[in-house]
Amino acid sequence: MKRLPLFFWLLTAGIATALLFQVSNDVQGLEKQLKQVKHEILREQESLHVLKAEWSYLNRPDRLAAMAGTYLDLQPLPAARIVEFTDLPHRSADSATAVAASGEAQQ
Amino acid sequence: MIAKLPNRRTRCHPLGIDLQPPPAELVRLEGSVKEALETGRNRLVIAGIVFFLAFAGIGARLVELSTSSLGNEPAVAHEAIPAQLETGRADILDRNGMVLATTLPTVSLYANPRHIGDPAATARAVAEILPELPVAEIAQRLSHDSAFVWLKRNLTPRQHYAINRLGEPGLYFQREQRRFYPYGDLTAHVVGFAGVDNQGLAGIERSFDTLLRGTAAPLELSLDVRLQYILSEELQKSIDKFQAIGGAGIVLDAVTGETLAMVSLPSFDPDSPGEAAKEARFNRATLGVYEMGSVFKIFTTAMVLDRNLLTIEDGFDTSEPIHAGRFLIRDFKPKNRWLSIPEIFIYSSNIGTVQMAMTGGTAVQQDFLGSLGLLRRPDIELGEAAAPMLPAPWREINTMTISYGHGLAVSPLQVTSAVSAVVNGGALQPASLLKRAADDRPLGRRVLSARTSEQMRRLMRLAVTHGTGGKADAAGYRVGGKTGTADKLNGRSYSKGSRIASFAAAFPMDAPRYVIFAMVDEPKGIEESFGYATGGWVAAPVVSRVVERMGPMYGVAPRFDPLQDDRDIPLLMTVKAQGTGHGFATN
């Protein structure tokens with residue numbers, strides 16, 4: 001019976017050591033993973049950086065102008081086409097009844 | 001030898017093998033035998049202690065390593081990888097966040113000739129991938145007796161892959177950084193360029209070199225690449241049309257002093273500045289100083305009005321040319337009659353302007369031009385900014401010629417800043433290339449009264465609606481401005497054939513927000529302009545086209561009802577009354 005405490009302490013020490021090494025091993029694994037993730041982040045940042053430069057390069061005004069000329073049916077906006085809301089004519093009574101009439105006709 | 005005999009005879013094996021002594025018997029040894037045994041025991045104890053210490057040390061270290069690597073020991077993984085991408089040089093952005101300059105990772109190719117077995121074959125293979133390098137040169141470099149030769153800096157990814165595929169063990173790659181300018185020659189003069197060793201050599205790259213190298217945060221410029229493109233394109237059209245040698249243009253925000261666009265043509269490719277002609281690298285907008293001609297009448301007129309030397313109703317007789325020293329001051333298109341100040345301004349009369357300036361004299365002129373920042377180097381964030389060329393000594397004749405823009409050479413940037421102060425209510429804002437926060441409204445330095453500024457706005461609008469700047473009018477955007485045409489100095493005399501045509505404008509004239517300056521260097525008269533190559537023919541159309549294109553982009557509401565100024569202001573009445581029968585009064 002005298003040996004029971006000794007046995008207990010030995011067992012405790014053994015379990016503690018095993019846990020310690022287990023945790024330490026896990027941490028090492030996680031650190032490796034962290035390092036890898038950080039590398040990946042850095043790689044992603046680098047590609048973002050390059051893509052940003054490419055985006056600016058693709059947005060060169062002369063290129064956009066050439067592409068708009070080829071693919072879009074647009075033209076520069078002349079000042080004469082810009083009107084304010086207050087410049088719009090009031091709807092006259094005639095046109096209002098005409099709209100109402102066409103609405104009824106559709107129904 | 002044996003000190004004490006046992007009681008009983010020790011049993012001895014006949015063959016001399018020790019037998020176990022009977023338990024009760026103790027053998028006591030003395031003398032040398034005892035010493036030998038003691039020595040042996042001591043050695044055992046010492047060895048035991050040494051081994052115990054060694055194992056204890058190892059054990060302790062084992063525990064330490066397994067436990068402490070989490071805490072106080074530096075984690076290697078954290079140090080090897082930077083938390084942020086480090087390019088070694090910060091980006092430069094325009095006001096909308098477009099990248100004007102950035103640093104990209106590239107690879108460079110070098111070789112260790114000692115590891116290359118067959119230089120000729122390797123050279124042929126490399127030359128196939130890098131056609132810009134001649135085979136002979138590669139072969140010669142590869143047979144060099146050294147352990148390191150550069151073959152090519154900054155390969156493209158495709159070239160990198162192809163060289164890698166060769167599998168030649170003597171070829172190596174070096175990861176490098178390379179400065180890249182996505183907009184190329186569009187912003188070359190402002191942004192500048194950096195050398196191979198990451199050192200800023202021109203423009204913003206040079207003036208903010210330390211800052212760009214020190215931080216990762218991008219530097220935001222006030223430029224707008226869209227506007228930069230519009231200005232550059234329209235200037236280039238005019239340069240081509242009038243077979244000019246170059247041009248410059250600036251758009252300033254009159255309220256904040258921010259430079260929205262700054263163009264100098266011809267431009268150059270900042271990715272290979274070494275190949276550019278020296279003239280192309282010259283920034284005409286800030287480094288070039290020119291006699292600006294009649295644009296200076298803006299300042300002379302503002303001076304006499306602001307210093308209360310004359311009122312807007314005054315005027316001068318312009319029928320006689322002025323003799324001054326060896327000069328004869330004449331009008332380009334003489335009216336040969338008395339002209340009011342608005343008329344002198346809008347018809348750009350030299351004779352009238354000289355008489356206006358002489359009411360103040362040299363001291364007043366120096367003081368006024370000085371307060372507008374025209375007599376010293378501008379505070380722009382560019383190393384390439386020239387100080388003006390002042391007359392020395394500044395005699396009366398200089399005062400006379402400077403009043404209409406001859407005899408004082410200033411940079412386009414200085415003129416634009418000064419015009420901005422004249423039209424924005426009278427506060428001089430130092431022109432800047434850095435973006436300001438949206439709510440940052442600097443006070444500026446008051447250089448003329450709000451009343452003078454308002455009068456000048458009306459006069460400049462009149463010069464466009466009724467005067468020499470008619471071609472600058474962009475329908476709806478209420479442009480005001482002043483033409484300028486100056487013969488270029490050729491040594492000590494003016495050359496008739498080469499001139500500077502310019503136009504300084506602001507819009508919308510009821511509350512000017514944008515100041516535009518366009519200048520074309522050495523335009524030639526063409527048939528369409530009836531042989532003229534004046535500011536009104538060459539530079540004014542640039543301004544109107546730029547305004548037409550930037551107006552919608554910047555949300556300037558067009559208005560087609562005539563301005564208050566155009567309708568019932570005494571200024572125009574004076575002009576109309578005086579100008580009866582002179583054409584414009586009828587329209």
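Sites count as exposed loop sites when they are GluC sites (Glu not before Pro), lie in a DSSP loop, and have at most 13 other Cβ atoms within 10 angstrom; the longest stretch of chain B without one is B:314-587. Ordered by the count of other Cβ atoms within 10 Å of each Cβ, fewest first, B:332, B:296 give B:332, B:296. Rounded to the nearest whole Hz, the Karplus-based 3J(HN,Hα) values (6.51 cos²θ - 1.76 cosθ + 1.60, θ = phi - 60°) of the range B:413-425 follow the sequence 4, 4, 4, 4, 4, 5, 4, 4, 5, 5, 8, 8, x, with x at glycine and proline.
Positive end of the dipole of chain B (Cβ unit charges, origin at the Cα centre): among B:347, B:164, B:296, the Cα lying farthest that way belongs to B:164. About its Cα centre, the range B:82-221 has a charge dipole of approximately 180 debye under the convention of +1 per Lys or Arg Cβ and -1 per Asp or Glu Cβ, with nothing else charged. Cα centroid separation, the range B:371-441 to the range B:183-197: 25 Å. Amide H contacts for residue B:386 (H built 1.01 Å from N in the peptide plane; partners 5 or more residues away or on another chain; cut-off under 5 Å): B:287. The HN-Hα couplings worked out from phi for the range A:81-90 by the Karplus form 6.51 cos²θ - 1.76 cosθ + 1.60 (θ = phi - 60°) are 8, 8, 10, 8, 4, 5, 6, 5, x, 5 Hz, whole numbers, x standing for Gly and Pro. Charges were assigned to the Cβ only: +1 to each Lys and Arg, -1 to each Asp and Glu. The resulting dipole of the protein assembly as shown about its Cα centre is roughly 1960 debye. In this Cβ point-charge picture (+1 for Lys and Arg, -1 for Asp and Glu), the range B:130-170 has a dipole of about 200 debye about its Cα centre. In the range B:82-221, the alpha-carbon atoms span a convex hull of 140 Å³ per residue.
Compute the long axis of helix B:540-553 from its Cα atoms, compare it with the longest principal axis of the Cα atoms of chain B, and write down the angle in degrees, 0 to 90, nearest 10. The two axes meet at around 50 degrees. The C-alpha atoms of chain B define a longest principal axis, and helix B:119-129 lies at about 50 degrees to it. Summarising the amide proton neighbourhood of residue B:428: residues at separation of 5 or more, or on other chains, whose placed amide H is nearer than 5 Å comprise B:445, B:446, B:447. Ordering A:76, A:39, A:29 by Cα displacement along the dipole of chain A toward the positive end leaves A:29 in first place; charges were set at the Cβ atoms of Lys, Arg (+1) and Asp, Glu (-1). Amide H to amide H, with H built 1.01 Å from N, residue B:178 comes under 5 Å of B:104, B:106, counting only residues 5 or more places away or on other chains. How far is helix B:225-241 tilted, in degrees, relative to the longest principal axis of the Cα atoms in chain B, given as a value from 0 to 90 rounded to the nearest 10? In chain B, helix B:225-241 runs at an angle near 50 degrees to the longest axis. Residue by residue, the range B:262-278 carries 3J(HN,Hα) couplings of 9, 10, 10, 10, x, 9, 9, 8, x, 6, 9, x, x, 7, 6, 5, 4 Hz when phi is fed to the Karplus relation 6.51 cos²θ - 1.76 cosθ + 1.60 (θ = phi - 60°); x denotes Gly or Pro. For the range A:24-98, the list of trypsin sites (Lys or Arg not before Pro) that fall in a loop by DSSP and count at most 11 other C-beta atoms within 10 angstrom reads A:91. Normalised by the number of residues in the range B:82-221, the average gap of Cα pairs under 8 Å and 6 or more apart makes the relative contact order 36 percent. Going toward the positive end of the dipole of the protein assembly as shown, with +1 on Lys and Arg Cβ and -1 on Asp and Glu Cβ, which of B:47, B:264, B:231 do you reach last? Of the candidates, B:47 comes out farthest on the positive side. Based on C-alpha pairs under 8 angstrom that are at least 6 apart in sequence, the range B:403-455 has a relative contact order of 36 percent.
Taking chain A as a Gaussian network of alpha-carbon nodes connected by springs under 10 Å, the highest mean-square fluctuation of the residues A:18, A:68, A:80 belongs to A:80.
Just so you know, all these numbers are worked out from the coordinates, no wet-lab data involved. None of these values were measured; they are calculated from a predicted model. Please note: Cβ atoms are built from the backbone with ideal geometry, for glycine as well, and neighbour counts cover all protein chains shown.
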